[in-house]
Amino acid sequence: MECSFALTGKDYVLVAADTTSARSIIKMKVDEDKIKTLSPHLLMAYSGEPGDTVQFAEYIERNIRLYHIRNLYPLRPQSAASWIRRALAESLRSRQSYTVNLLVGGFDTADKTPHLYWIDYLGTMATVPFAAHGYGSYFASSLLDRYHNPDGTLEEGLDALRRAIDETAKRLVVSPGKYTVKVVDKDGVRVIDL
Amino acid sequence: MSIMDHNGGSVIAMAGKDCVAIASDLRLGAGAQTIAMNFEKVFPVTDRLYMGLPGLATDVITLREKFRYLTNMFHIKESRPLQPSTFAHLLSSTLYERRFGPYFCEPVLAGLELTPSGTYQPYIAGTDLIGCLNFAKDFIVAGTASDKLFGVAEGLWEPDLGPEDLFETISQTLLNSVDRDAYSGWGAIVHVITADKVVTRTLKGRMD
Amino acid sequence: MEAISHAGTVLGVLATDGVVLAAEKKVTGKLLDLSASKEGGYGGSGEKIFLLNSNVIGGVAGLTADANSLVNYARSAAQEHLLNYNEDIPVELLAQRLCDLKQGYTQYGGLRPFGVSLLYAGYDPHYQFQLYHSDPSGNYSGWKATCIGANNGTAQSLLKQEYKDDITVEDAIGLVMRTMSKTMDSTTLGSEKLEFATLTLDPVTKEPKAKIYRPSEVDVLLKKFDLAKKDEDAEMKTA
């Protein structure tokens, strides 16, 4: 089943999402990238109802890009997250709502700080030091509560992330096999090989 | 479980002598799972009026943003702050607009109303999720711990408390009530409003 | 455009740690009721300088009724942005919003354009302090120091001579005051002829802080720079 994790550290945000694309009990694909790079310093991991996820993520991606083109600078993470949350909150009360859960992580180049937002399909948004969606969240929340260090180095952050992923692999019956991991810091977005 | 209880959280407001206080817990949950321990549910409306919004978190944020928009527009066009009694009716009609598809929040107001003689009078009020106003002289409670809050507040509150005593009363009421509620807790934030200033304190509760 | 060249001068100077705005009021006279501007509101008398958002002050020159309508539009646009993005509107974006509106009236027939030029003094985290000017056609541009309204040529050249890139708000206030006193028709200044505002950062919160001076505060400022109207009775007595 789908799992996504994210955590902040000293001047960076780590975002991880599994790579399986499934229909019912069948895996259709095992190398799907479910983390979009919305702007040079902004990442969004998405999961939820198949179909809704990609449609919604692309809608967000194109609108954030449009703002960047029009204004020459991109939206700051806090503003982007607020706008995305509103899109979901308005969708919730429409005839057909998007069932999409998000982790939005970004580095604010204006005040040089990392930001992470937990957003669910209802349009609930929380500013958090670490976050998770899916069944993996039951293991990750408690592990990250214990081992997360908000001022940790990237290595420390990756160690904490590995713990969460390994525990999920060990304890969850329907655990995903592979994850994409991305980090965003002052230099932008990079893919990390765990 | 009702949708009102999905994210958890509680708010209480109390009237004192020439002062009012309003407080909330800091938990944000998704059912039984705790997502965040820094989710404030009380927001400033003017310098002398605060609004607490317990309920479904998506609507808490949406309403907070909506009322910030409405009060800012009032403030900038009228060049004067909204009075609590005026805001209460704005609140009521805004909620009733969604009578058959409501915002799942039960707002609580605490503020000081400017009287014609230039003094300030304590004002607290609450509404249900479709905007039925409820004025009280003593206290207003709402959220997942509201039943416990009613009991403890009934026991601890007394008339004409000063700012410091009111702070102690509201803090003890909230902390002891949320200890008996699985969906509220993880610390609290308390605002005590007097005519010349607002004192905000963050409390640690039983962080478990 | 004609209306703007006769309108009261509005002057803006961008400093390293803030922006300064001053405006000459044309509607004066001892029968004018100014009691509303003495207390309450944002300060100022609301003829030339307006608070557009918590991070932007606007100065207007031209048809007053048109200006009021644009100020209203700007305030709505800024609050709309706050609602959508949970941040104060970036200054240039606010200028763009008004210019999109103004441009529309130059393109479609049947309606006349807004006869208003504006100065925007603002702050945002992207470009820090900024000063913009927009004209009725919908053009806008960023400035270090500029001027709109009557005698703007004179003021412009004075500013060009005296402006320095590392000017502070303190010095900018002086520069604005001196330039204003030279461009205005009357020889002496008083709060009934002048509106004044600054935008700085709050030293504690680091949030932008707009200050539109009340008439009494303007008089204090004028006295400080020795530009105040001399009390005629006092002069008579000493003479």
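The values are calculated or read from the model by the stated rules, or taken from the named source; none is laboratory data. Quick caveat: nothing in here was measured; it's all calculated off a predicted structure. Glycine gets a Cβ as well: all are built from the backbone with ideal geometry, and neighbour counts include every protein chain shown. Side chains included, ligands, DNA and RNA excluded: accessible areas come from the protein's heavy atoms. Shrake-Rupley method; radii C 1.70, N 1.55, O 1.52, S 1.80 Å.
Annotations
- In the range B:32-54, the residue that is nearest to the chain's Cα centre (by Cα) out of those that are open to solvent by 10 Å² or more (accessible area, probe 1.4 Å) and within 25 Å of A:Tyr138 (Cα to Cα) is B:Glu40.
- Of all residues in the range A:62-91, those satisfying the criterion of being more than 14 Å from chain C (Cβ to nearest Cβ) and surrounded by fewer than 18 Cβ atoms within 10 Å (Cβ to Cβ) are A:Arg62, A:Arg65.
- Residue, surrounded by the fewest Cβ atoms within 10 Å (Cβ to Cβ), within the range C:137-162, restricted to residues that are more than 16 Å from the chain's Cα centre (by Cα) and at pLDDT 90 or above: C:Gln161
- Unique residue being modelled with pLDDT of 95 or more, surrounded by 15 or more Cβ atoms within 10 Å (Cβ to Cβ) and touching a helix residue (DSSP H, G or I) at 6+ places or on another chain (Cβ under 7 Å) when the list is C:Thr179, C:Thr183, C:Thr198: C:Thr198
- Restricting attention to the range C:181-202, the residues that are over 14 Å from C:Lys224 (Cβ atoms) and aliphatic (A, V, I, L, M) total 4.
- Count - residues of the range B:116-164 that are open to solvent by less than 60 Å² (accessible area, probe 1.4 Å) and part of a loop (DSSP other than H, G, I, E, B): 12
- Residue within the range B:55-75 that is facing another protein chain (nearest Cβ under 9 Å), among the polar types (S, T, N, Q), more than 14 Å from the chain's Cα centre (by Cα) and over 30 Å from A:Asn101 (Cβ atoms) present: yes
A quick yes/no check of all residues on (1) more than 29 Å from C:Leu175 (Cβ to Cβ); (2) modelled with pLDDT of 80 or more:
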| position | (1), (2) |
| --- | --- |
| C:Leu21 | no, yes |
| C:Lys25 | no, yes |
| C:Thr28 | no, no |
| C:Leu34 | no, no |
| C:Ser37 | no, no |
| C:Ile57 | no, yes |
| C:Thr64 | no, yes |
| C:Glu80 | yes, yes |
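- Within the range C:186-195, the set of residues being open to solvent by 40 Å² or more (accessible area, probe 1.4 Å) and within 15 Å of the chain's Cα centre (by Cα) comprises just one member, C:Lys193.
- Residue list for the range B:15-30, restricted to those being over 19 Å from B:Thr173 (Cα atoms) and either of a type in the set (Val, Ile, Thr) or open to solvent by 10 Å² or more (accessible area, probe 1.4 Å) (or both): B:Asp18, B:Ala30
- On the stretch given as the range A:38-57, residues that are surrounded by fewer than 17 Cβ atoms within 10 Å (Cβ to Cβ) and within 18 Å of A:Val189 (Cα to Cα) total 1.
- Test: residue in the range A:43-54 that is under 28 Å from A:Asp193 (Cβ atoms), part of a loop (DSSP other than H, G, I, E, B) and more than 14 Å from every other protein chain (Cβ to nearest Cβ): yes
- Hits in the range B:2-14 - residues which are aliphatic (A, V, I, L, M) and either open to solvent by less than 10 Å² (accessible area, probe 1.4 Å) or closer than 9 Å to B:Tyr183 by Cβ (or both): B:Val11, B:Ile12, B:Ala13, B:Met14
- Residues in the range A:99-141 that are open to solvent by 10 Å² or more (accessible area, probe 1.4 Å), hydroxyl-bearing (Ser, Thr, Tyr) and within 8 Å of another protein chain (Cβ to nearest Cβ): A:Thr127, A:Tyr138, A:Ser141.
- Meets criteria (among the charged types (D, E, K, R), open to solvent by 10 Å² or more (accessible area, probe 1.4 Å) and in contact with a strand residue (DSSP E or B) (Cβ under 6 Å, 6 or more places away or on another chain)) for B:Arg64: yes
- Subset of the range C:67-97 [more than 14 Å from chain A (Cβ to nearest Cβ), more than 16 Å from the chain's Cα centre (by Cα), surrounded by 17 or more Cβ atoms within 10 Å (Cβ to Cβ) and closer than 21 Å to C:Ser137 by Cβ]: C:Ala77
- Residue tally, condition assigned to a loop (DSSP other than H, G, I, E, B) and buried (at least 20 other Cβ atoms within 10 Å of the Cβ), over the range A:173-194: 1
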